[in-house]
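Each value in this text was obtained by applying a stated rule to the coordinates, not by laboratory testing. In this text the structure is predicted, and so the values were computed from the model without any measurement. Ideal geometry is used to build each Cβ from the backbone, glycine not excepted, and the neighbour counts take in all protein chains shown.
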Amino acid sequence: MTVPAIVLQASGPNALGIIRSLARDRVPVIACDHDPGALGLISRHAAPHVLPDPLNDPEGFVGGLHALGEGIGRDGVLFATHDEALSAIGPREAGLDELFRRPWSPWERLEPLLDKSHQHAVARQIGFPVPRTIEPADEADARAAADELRFPVILKPREAPEFRRRFRAQVIEANGPEELMRGWEQAAPYDPQISEVIPGGDDALWTLGSYRAADGTPLGSFTGHKLRQWPPRFGTARAAESFWDPDLARRGHELLDALQWHGISQVEVKRDPRDGRDYLIEVNPRSWLWISLATACGVNLPAICHRDAQGAPPAPVAGHPGRRRWVLGLKHLGASVREIRSGSWSAGELASTLRPPLTDGVFDARDPRPALAQVRRLLGRRGARG
């Protein structure tokens with residue numbers, strides 16, 4: 001009998017992508033989140049299970065997982081969608097490993113990888129380009145960065161979950177010394193890096209998404225790039241496109257080799273128009289928002305991971321069709337309309353992101369409830385503002 005998959009923090013398109021990808025392989029799924037209305041919990045392809053929030057209550061989260069593993073979830077394969085679950089499980093993984101199959105590297109390798117400073121240090125060691133970056137220890141170092149770096153710069157937390165929840169942003173951008181110091185006052189508690197911004201639009205952000213076996217063998221590899229994100233430049237994906245880039249895949253796996261990573265991951269880079277090189281943005285040691293595009297292209301990373309966790313790894317998959325698009329439906333359209341009205345984007349650019357073949361991150365005619373719930377939420381927010 002196929003063991004279940006346990007999808008953690010099943011709140012949005014990331015989790016839906018995993019759940020629906022596993023459904024293609026007829027895998028039973030238990031979707032977990034602290035919000036009973038989370039999109040993954042109302043998918044027809046998953047059994048819902050409420051767990052405490054791993055950021056606010058890591059002990060309760062892991063305790064709830066223990067109870068699940070001692071019941072219907074026993075021997076289930078864990079899938080993490082956010083860093084909070086990884087950080088809650090990591091120091092307590094020995095007990096959970098008695099109940100679940102955890103298809104990613106042990107905490108001794110994962111903990112340093114969650115730190116952007118470690119990622120950059122390892123990348124530099126193997127010659128993988130990294131944006132010019134300073135890691136200030138105090139306010140004086142932050143002031144000195146204004147003389148050493150070219151503006152604009154970004155302040156990016158080395159470990160991000162609490163920062164993202166507080167500011168609802170990935171980074172703080174500064175276009176001059178005064179903005180830099182204002183940003184430092186906000187970000188200092190989160191131990192930020194200060195990095196020069198690599199020029200180029202959203203479509204210069206490229207991804208290697210992959211699953212690597214415990215011995216480091218890449219069993220599935222996908223590459224593609226964003227077309228649009230919101231907010232522009234430093235937001236999350238609203239539209240993306242597949243494009244097989246074997247050179248990016250090779251170099252990304254060299255970095256993952258150096259990091260000794262096993263599991264699903266996303267290596268994100270930005271392609272610099274000045275020299276054509278790919279500069280490391282970050283490595284996410286888990287699934288990412290538009291993982292469903294890889295599945296649509298024939299690289300079903302969740303299913304590959306699930307099979308490998310059961311000791312039946314499939315033949316490696318690398319290379320896939322290009323020019324297939326992914327959009328975050330209503331949110332993409334809403335962000336695009338705002339930009340068209342402001343004159344920073346055109347209707348033609350919007351239309352180019354919607355050309356078929358197209359995968360929507362939420363809407364699926366075979367699994368309509370998450371999309372209906374999203375519509376109700378958006379209408380409710382608009383009504384509250386009105």
Exercise for the section: Would you calculate, for the chain, the mean residue ellipticity at 222 nm contributed by helices, counting each DSSP H stretch of 4 or more residues as -39,500 (n - 2.57) and dividing by all residues, to the nearest 500? Expected result: -11000 deg cm²/dmol
Handout entry: For the range 27-159, convex hull of alpha carbons as volume per residue, Å³
Key = 166 Å³
Problem - Inter-probe distance in nm under a simple model that places probes 7 Å from Cα toward Cβ, at Glu148 and Gln125 - result: 2.1 nm
Problem - Spin-label model distance (nm) - Met181 vs Asp75, 7 Å beyond Cα toward Cβ - result: 6.3 nm
Problem - Protection proxy ranking, peptides 338-345, 140-147, average beta carbon neighbours within 10 Å, highest first - result: 140-147, 338-345
Fill in the blank from the handout: Residues whose built amide H sits under 5 Å from the amide H of Ala47, excluding neighbours closer than 5 in sequence, are Val29, Ile30, Ala31
Fill in the blank from the handout: The ³J(HN,Hα) series, computed from each phi in the range 287-297 with the Karplus coefficients 6.51, -1.76 and 1.60 at θ = phi - 60°, rounded to the nearest Hz and given as x for glycine or proline, is 6, 9, 4, 10, 4, 5, 5, 4, 4, 4, 8
Completion exercise
A correct Karplus calculation of ³J(HN,Hα) over the range 91-100, with 6.51 cos²θ - 1.76 cosθ + 1.60, θ = phi - 60°, whole Hz and x for Gly and Pro, returns x, 10, 5, 4, x, 6, 5, 6, 10, 10
Handout entry: Contact order relative to length of the chain, as percent, for alpha carbon pairs under 8 angstrom and 6 or more apart
Key = 16 percent
Handout entry: About the Cα centre, charge dipole magnitude for the range 132-196 (Lys/Arg +1, Asp/Glu -1 at Cβ), debye
Key = 400 debye
Completion exercise
In whole Hz, the Karplus estimates of ³J(HN,Hα) for the range 53-59 (6.51, -1.76, 1.60; θ = phi - 60°; x where Gly or Pro) are 5, x, 7, 7, 9, x, 5
Handout entry: Proxy reagent accessibility, fewest Cβ within 10 Å first, across Leu99, Leu65, Leu301, Leu259
Key = Leu99, Leu259, Leu301, Leu65
Handout entry: Relative exposure of Val3, Val50, judged by other C-beta atoms within 10 Å (fewest first)
Key = Val50, Val3
Completion exercise
Extension length gain for Ala351 and Asp25 (0.36 nm per residue less Cα distance), in nm, is 114.1 nm
Practice task
Would you order Phe222, Phe128 from fewest to most other beta-carbon atoms within 10 Å of each residue's own beta-carbon?
Solution key: Phe128, Phe222
Exercise for the section: Report, for the chain, the % of DSSP beta bridges that are antiparallel, rounded to 5. Expected result: 70 percent
Practice task
On a C-alpha basis, how far is the centre of the range 144-167 from the centre of the range 284-339 in Å? Whole number, if you could?
Solution key: 28 Å
Practice task
With +1 on each Lys and Arg Cβ and -1 on each Asp and Glu Cβ, and nothing else charged, work out how big the dipole of the chain is about its Cα centre, in Debye to the nearest 20.
Solution key: 1920 debye
Handout entry: the range 132-196: equivalent-ellipsoid semi-axes (sqrt of 5 x gyration tensor eigenvalues, Cα, Å)
Key = 18, 11, 10
Completion exercise
Along the dipole axis of the chain (charges at Cβ: +1 for Lys and Arg, -1 for Asp and Glu; origin at the Cα centre), the most positive-end residue among Gly361, Leu155, Pro58 is Gly361
Completion exercise
Quotient of Cα radius of gyration and Kirkwood radius for the chain, i.e. Rg/Rh, equals 0.95
Practice task
With an 8 Å cut-off on Cα pairs and a minimum separation of 6 or more residues, tell me the relative contact order of the range 5-50 in percent.
Solution key: 40 percent
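Using only the C-alpha atoms of the range 5-102, find the volume of their convex hull and express it per residue in Å³. Spell out each step's value before the answer.
Details: hull volume 7.7 nm³, N = 98.
About 79 Å³ per residue, rounded to a whole number.
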